[in-house]
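Scroll down for the structure; my scribbles are underneath it.
What follows draws every value from the coordinates through simple rules; no lab data is involved. Computed from a predicted structure; not experimentally measured. Reconstructed Cβ throughout: ideal geometry from the backbone, glycine too, with neighbour counts over all protein chains shown.
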Amino acid sequence: MVGKRVFLALPLEPVGPAVEKIKQLQVLLSAYRVKWVRIENFHLTLFFFGEMPAQQIDALKSLLYSSLRDFHAFTFSLMGPGIFKKGKEPRVL
């Protein structure tokens, strides 16, 4: 049984000032071992399901689509970056 890390997320499309800030951070932190995510893969995780058997993912997708189809579009703003830490080392910005 092959598992996958599964999460529910909203795609993020950074606007001009955010893209510039990201580029500045990449230069500023270039001396550190940082794995940068491509901007087109940015997302806001709403819920992490964890490891899930691959054969259960389609059923989860169907359940989510039917449960969320009546939700209307919305906008939101991010106020600033934060980090998730594991021990002393930041893991996710």
Gain upon complete extension [residue 55, residue 25; 0.36 nm per residue less C-alpha separation]: 6.9 nm
Give the Rg/Rh ratio for the chain, taking Rg as the radius of gyration of the Cα atoms and Rh as the Kirkwood radius, to two decimals. 1.02
Taking the chain as a Gaussian network, where each spring joins two C-alpha atoms under 10 Å apart, which residue of 80, 50, 16 fluctuates the most? 80
Please give me, ordered by residue number, the trypsin sites (Lys or Arg not before Pro) of segment 15-93 that lie in loop per DSSP and have at most 13 other Cβ atoms within 10 Å. 33, 35, 38, 69, 88
Take residue 73 and residue 8, extend 7 Å from each Cα along the Cα→Cβ direction, and tell me the distance between the two endpoints in nm. 2.1 nm
Within the chain, how many Lys pairs that are eight or more residues apart, or on different chains, come under 20 Å at the alpha-carbon? 6
Taking only the Cα atoms of segment 29-82, how large is their convex hull per residue, in Å³? 157 Å³
